[in-house]
Amino acid sequence: MSATGSTDGLLLFDKPAGITSHDVVLQIRRRLGRQLKVGHAGTLDPFATGLLILLVGRATRSQSLVMALPKRYEVTARFGAVSSTGDPEGEITVTGRIPQGELTLPTGVLRQRPPAYSAVKVGGRRAYALARAGVSFELAEREVTVHRFQETRRAGDERDFVIECSSGTYVRSLIADLGDAYCTALRRTRIGDFDVQDADPERLLPLEQALRQLAPNL
């Protein structure tokens, strides 16, 4: 792992599509040894890819600090259709309503309601589990901050965006609020000062170094 042999620190992992964040934790735990604490700081949906920060050993105590860091995403949205989950895994309904021209992309402090298919807990259960079970519920709105919301590509019924936002922001909801649209691809490229280009599951960032990197964001 690290040059000093320490097993306390952060692992930067580039998660592929098709597996859960918990799957990644189990994979790393098996490799490092089941007696070692391993957690993650911020879930990525199974269809999403990109930077997942894994906390190893004593670094698990810094979970709340890492989770509070701002995030950057690259998103592909399909317009003219809606998804029950806001992503390709839901029930897709084609509406054919495709916007023309420039869109109003909200930035600043926003009020946002997390999607029903999210990891938010409701009475001790995950919202997505209740939604799949057909339970009716409503999640409370929360304040989030969108620092950047920029369109980068347009082709047919698809548009690409770069979104920089505060912790707790649901990108699926941002896209759905643009009209009849849902995320077809979502990639997290940055968390605070940690970049997906530096991801290497074989290299442990020592805890002391990680804390120094976190310091400017505290």
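Please indicate, with yes or no, whether at least one residue in region 184-191 is at pLDDT 95 or above, of a type in the set (A, V, I, L, M, F, W, C) and not in a strand (DSSP E or B). No, there is no match, as no residue in region 184-191 is at pLDDT 95 or above, of a type in the set (A, V, I, L, M, F, W, C) and not in a strand (DSSP E or B). The residues in region 203-218 that are in contact (Cβ under 8 Å) with a residue 60 or more places away in the chain and out of contact with any Lys or Arg (no Cβ under 7 Å at 6 or more places or on another chain) can be counted, and the count is 10.
Residues checked against (1) assigned to a helix (DSSP H, G or I); (2) exposed (fewer than 15 other Cβ atoms within 10 Å of the Cβ); (3) at pLDDT 95 or above; (4) in the same structural domain as Ser21 (by TED's automatic domain parsing):
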| position | (1), (2), (3), (4) |
| --- | --- |
| Ala129 | yes, yes, no, no |
| Glu138 | no, yes, no, no |
| Thr152 | no, yes, yes, no |
| Arg159 | no, no, yes, no |
| Ile163 | no, no, yes, no |
| Thr169 | no, no, no, no |
| Arg172 | yes, no, no, no |
| Ile175 | yes, no, yes, no |
| Gly179 | no, no, no, no |
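Among the residues making up region 181-203, those that are out of contact with any Ser or Thr (no Cβ under 8 Å at 6 or more places or on another chain), surrounded by 17 or more Cβ atoms within 10 Å (Cβ to Cβ) and either under 24 Å from Gly90 (Cβ atoms) or not hydrophobic (A, V, I, L, M, F, W, C) (or both) are Ala181, Thr189, Arg190, Gly192.
Among the residues of region 71-91, those identified as more than 11 Å from Asp180 (Cα to Cα) and at pLDDT below 95 are Ser84, Thr85, Asp87, Pro88, Glu89, Gly90, Glu91.
Can you find, within region 31-44, the residue that is surrounded by the fewest Cβ atoms within 10 Å (Cβ to Cβ) among those that are in contact with a strand residue (DSSP E or B) (Cβ under 6 Å, 6 or more places away or on another chain) and in contact (Cβ under 8 Å) with a residue 60 or more places away in the chain?
Leu44
Let me spell it out: the conditions are (1) out of contact with any strand residue (DSSP E or B) (no Cβ under 6 Å at 6 or more places or on another chain); (2) in the same structural domain as Glu151 (by TED's automatic domain parsing); (3) aromatic (Phe, Trp, Tyr), and Phe47 meets all of them except one. Which number is the exception? Going through the list (1) out of contact with any strand residue (DSSP E or B) (no Cβ under 6 Å at 6 or more places or on another chain); (2) in the same structural domain as Glu151 (by TED's automatic domain parsing); (3) aromatic (Phe, Trp, Tyr), Phe47 breaks only (2). Of the residues making up region 61-75, those that are buried (at least 17 other Cβ atoms within 10 Å of the Cβ) and either in contact with a Phe, Trp or Tyr (Cβ under 9 Å, 6 or more places away or on another chain) or without any contact (Cβ under 8 Å) to a residue 60 or more places away in the chain (or both) are Val66, Leu69, Tyr73, Glu74, Val75.
The values are calculated or read from the model by the stated rules, or taken from the named source; none is laboratory data. From a predicted model like this one, the values you see are computed outputs, not experimental measurements. Note: ideal-geometry Cβ built from the backbone for every residue, glycine included; neighbour counts use all protein chains shown.
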